[in-house]
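Structure record follows, encoded as structure tokens.
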């Protein structure tokens, strides 16, 4: 059985973004089983103390949206919850339902360093 070990240089604070509630909760449970504190939410305002959790798993509810609406919803979630010092994990639905390309489009990518 393979286990997931975090690199010592990685921060232990995560934002999980998922387009369906079951995936949102499943990701939080997976982190929790590895010793992280986890919170799950599907509301976009007034999150109580989410910043105190090592893992904040957010349901963007974009699975049934058109591509442009899904992109906008992800942009809003990232703007609100992807704060400095928090790594992001984007959960893609295993059946590829919804708008996976639109869901990924607003995801910030790390800049590669050049020699």
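Each value in this text was obtained by applying a stated rule to the coordinates, not by laboratory testing. Just so we're clear, the structure is a prediction, and the values are computed from it rather than from any experiment. Heads up, the Cβs are rebuilt from the backbone with ideal geometry, glycines too, and the neighbour counts pull from every protein chain shown.
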Report task. Please work out whether the range 14-97 counts as rounded, prolate or oblate from its C-alpha gyration tensor, where a ≥ b ≥ c are the square roots of the eigenvalues and a/c under 1.5 means rounded, while otherwise a/b larger than b/c means prolate and anything else oblate? Result -> oblate
Query raised in the report: What is the distance, in nm, between label points placed 7 Å from the Cα along the Cα-to-Cβ direction at residue 26 and at residue 89?
Result: 1.3 nm
Report task. Obtain the nm distance between the two label points defined at residue 97 and residue 34 by a simple spin-label model: each point lies 7 Å from its Cα along the Cα-to-C-beta direction. Result -> 2.6 nm
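Just the number, please: percent antiparallel of the DSSP beta bridges in the range 14-97, rounded to the nearest 5.
0 percent
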Report summary line: Expressed as a whole-number percentage, the relative contact order of the range 14-97 with C-alpha contacts under 8 angstrom and at least six residues apart is 43 percent
